[in-house]
1. Restricting attention to region B:27-59, report how many residues are among the acidic types (Asp, Glu) and more than 12 Å from the chain's Cα centre (by Cα).
2. Go through region D:6-43 residue by residue and tally those that are in a loop (DSSP other than H, G, I, E, B), farther than 16 Å from D:Ala76 by Cα and modelled with pLDDT of 95 or more.
3. From the list A:Val126, A:Val106, pick out the single residue that is away from chain D (no Cβ under 11 Å), over 15 Å from B:Leu88 (Cβ atoms) and surrounded by 24 or more Cβ atoms within 10 Å (Cβ to Cβ).
4. Restricting to region A:129-154, and then to whatever is outside any loop (DSSP other than H, G, I, E, B) and open to solvent by 50 Å² or more (accessible area, probe 1.4 Å), can you tell me which residue is nearest to the other protein chains (Cβ to nearest Cβ)?
5. Conditions: (1) open to solvent by 10 Å² or more (accessible area, probe 1.4 Å); (2) on the phi < 0 side of the Ramachandran plot; (3) out of contact with any helix residue (DSSP H, G or I) (no Cβ under 7 Å at 6 or more places or on another chain). C:Ser79 meets all but one. Number of the miss?
6. Could you check, for region D:76-86, whether at least one of its residues is at the interface with chain A (Cβ under 8 Å from one of its Cβ atoms) and either over 15 Å from D:Gly12 (Cα atoms) or touching a residue at least 40 places away in the same chain (Cβ under 8 Å) (or both)?
7. Suppose we filter region C:1-46 for residues that are away from chain D (no Cβ under 14 Å), more than 23 Å from C:Ala153 (Cα to Cα) and open to solvent by less than 20 Å² (accessible area, probe 1.4 Å); how many remain?
8. Among the numbered criteria (1) buried (at least 24 other Cβ atoms within 10 Å of the Cβ); (2) within 14 Å of chain A (Cβ to nearest Cβ); (3) free of Cβ contacts under 8 Å to residues at least 60 places away in the same chain, which single criterion is violated by D:Leu68?
There are 4 protein chains.
Amino acid sequence: MIKDIRARPRIGVIGGSRAKKAALRDARQIGLLVGRRGGILVCGGLGGVMEAASRGAKEAGGLTLGILPGNAPREANPSIDIAVATGLGYTRNSLVALNADVLIAVDGEYGTLSEIAFGLIYGRRVIGLGTWNIPGLIAAGSPEEAVELAFKAR
Amino acid sequence: MIKDIRARPRIGVIGGSRAKKAALRDARQIGLLVGRRGGILVCGGLGGVMEAASRGAKEAGGLTLGILPGNAPREANPSIDIAVATGLGYTRNSLVALNADVLIAVDGEYGTLSEIAFGLIYGRRVIGLGTWNIPGLIAAGSPEEAVELAFKAR
Amino acid sequence: MIKDIRARPRIGVIGGSRAKKAALRDARQIGLLVGRRGGILVCGGLGGVMEAASRGAKEAGGLTLGILPGNAPREANPSIDIAVATGLGYTRNSLVALNADVLIAVDGEYGTLSEIAFGLIYGRRVIGLGTWNIPGLIAAGSPEEAVELAFKAR
Amino acid sequence: MIKDIRARPRIGVIGGSRAKKAALRDARQIGLLVGRRGGILVCGGLGGVMEAASRGAKEAGGLTLGILPGNAPREANPSIDIAVATGLGYTRNSLVALNADVLIAVDGEYGTLSEIAFGLIYGRRVIGLGTWNIPGLIAAGSPEEAVELAFKAR
């Protein structure tokens, strides 16, 4: 039975489709903690940090929402439950930020920077772990702290 | 526990945010049947036909995905489980069609017409019940037939 | 010198990227007449009816605006002056309709149908020449009549 | 007569809709220089830095393209020649970056940051004048230097 999905906090995890092992480990741990706390893990649906966070969330029995750049839901990584195809390319980064109550940025390059910017444009709290140093972003020292801050922010 | 979401067929129901009673009744019945058969009900997330179909799907214990024109997930009708805000206005109609494996059009005005067109552009089977008469659209005579055709089409 | 661009009527011509000779001839004639009357020719920027209409407009010394599905302005047909890349794929059809004061549909398949629908959603007058028969669309019998109706509509 | 529009370099100027006098003065000077050198001034079409840059470009007899967040071309500032309505809200920031060969960021807040990020995602050279300090962005010390770098970059 599926219930109460709507009331669950939506935690966005943003980061690159390529990332170093440490960042992937952090992302997975964040996903795991989000899943354990009943959050919906929202991300861009592809590989790297997105995939690691989704996998963590699924390991905790959580629910994952992936907002994809392409036209095909099947392009989502295997840990995405609800794949939303946009066909918008990088422009979909805006929609990732829009669909999270709060965002956690892990590592990342320019794509992540655009998502941080949109998160702040949309008034979301944005927490960072080893990512861009942008005024307004709240730095966390660990996955645990990042998730703690995310659930408090909401 | 939430499982197997990804493997479920996604049935889009498209139709106006205002509709007559008969169309709303049909939409609700379609949603109910989609939910019973384990389909995910995909729609534009607002009122009228969208809301009736979503309500039917929830009555059957199904899962609903609403792809909204505005910026706020909370604008979704109360029967939407996963509300995806796009901020794209009517342009989001394209994304509704993109995220369904097959579409059922019920009644509807120009918005529905645009979704029928996108469904056909994207190669989706589009089934119609009391809606636009467009070559390529498959006419059904009842909600039951529409859902039957939709699950066969996939 | 470039002046008064802003005050000029914007006439959208919509139609398929593949079309028969007669439709291409009609589109070119429409473009020519739009250009002569000082209108800006707005289209999807690609081939077929879009290219023919743009070419006609340029032959009359007019200005052309092409709103492209892809990421690269250079993908516009050679008669487009201002190529706007959207990266939105077919979803850009909505933007073509939005950026015309009035639309003329020539021939066309499902993409054109989506643009007709968006035109009507956005409250534009939509004139048709050998295209979809949709209530609300105004049928013209010739390129001359179509352009006449378009300039009156505005 | 309008000619050679297509071959002209497109210089994007990005910056906030509210800005201090010094930034507005810089933006206007940048627009003026872009116009004098035959560039098309591309911007978000609204007020502040966008309007100042557009005004400068028009003072030099240049051409301006404004890519708007809203649905109505008439919302463009009075110095925009070609107003393209997107209806995409802030998501249109991606399209501003996409439609410039090179970008000059002046001052700016999170919206500008998103446009810088998209510029870098799309492989555009991004020049900054008193704006975000982002690796990959090239800092200029004056409007003159910014425009010089922009035309070299292309």
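1. Residues of region B:27-59 that are among the acidic types (Asp, Glu), as a first pass: B:51, B:59.
In the following step, the residues that additionally are more than 12 Å from the chain's Cα centre (by Cα) were identified as B:59.
Matching residues across region B:27-59 total 1.
2. We begin by selecting, within region D:6-43, every residue in a loop (DSSP other than H, G, I, E, B); these are D:6-9, D:15-20, D:37-39.
Within this subset, residues satisfying the condition of being farther than 16 Å from D:Ala76 by Cα are D:6-9, D:19-20, D:37-39.
Right, trim to modelled with pLDDT of 95 or more and you get D:8-9, D:19-20, D:37-39.
Of the residues in region D:6-43, 7 are in a loop (DSSP other than H, G, I, E, B), farther than 16 Å from D:Ala76 by Cα and modelled with pLDDT of 95 or more.
3. A:Val106
4. We begin by selecting, within region A:129-154, every residue outside any loop (DSSP other than H, G, I, E, B); these are A:129, A:138-139, A:143-153.
From what is left, the residues that are open to solvent by 50 Å² or more (accessible area, probe 1.4 Å) are A:138-139, A:144-145, A:148, A:152.
Working: A:Ile138: 15, A:Ala139: 17, A:Glu144: 24, A:Glu145: 24, A:Glu148: 23, A:Lys152: 20 Å.
Filtering region A:129-154 for residues that are outside any loop (DSSP other than H, G, I, E, B) and open to solvent by 50 Å² or more (accessible area, probe 1.4 Å), the one nearest to the other protein chains (Cβ to nearest Cβ) comes out as A:Ile138.
5. Only one criterion is unmet by C:Ser79, namely (3).
6. First pass over region D:76-86, keeping only residues at the interface with chain A (Cβ under 8 Å from one of its Cβ atoms): none.
No, that holds for no residue.
7. 1
8. In the conditions (1) buried (at least 24 other Cβ atoms within 10 Å of the Cβ); (2) within 14 Å of chain A (Cβ to nearest Cβ); (3) free of Cβ contacts under 8 Å to residues at least 60 places away in the same chain, D:Leu68 misses (2) alone.
The values are calculated or read from the model by the stated rules, or taken from the named source; none is laboratory data. Because the structure is a prediction, the values reported are computed rather than measured. Don't worry about glycine lacking a Cβ; one is built from the backbone with ideal geometry, like all the others, and counts go over all protein chains shown. The accessibility values were calculated without ligands, DNA or RNA, using every heavy atom of the protein model including side chains. Shrake-Rupley method; radii C 1.70, N 1.55, O 1.52, S 1.80 Å.
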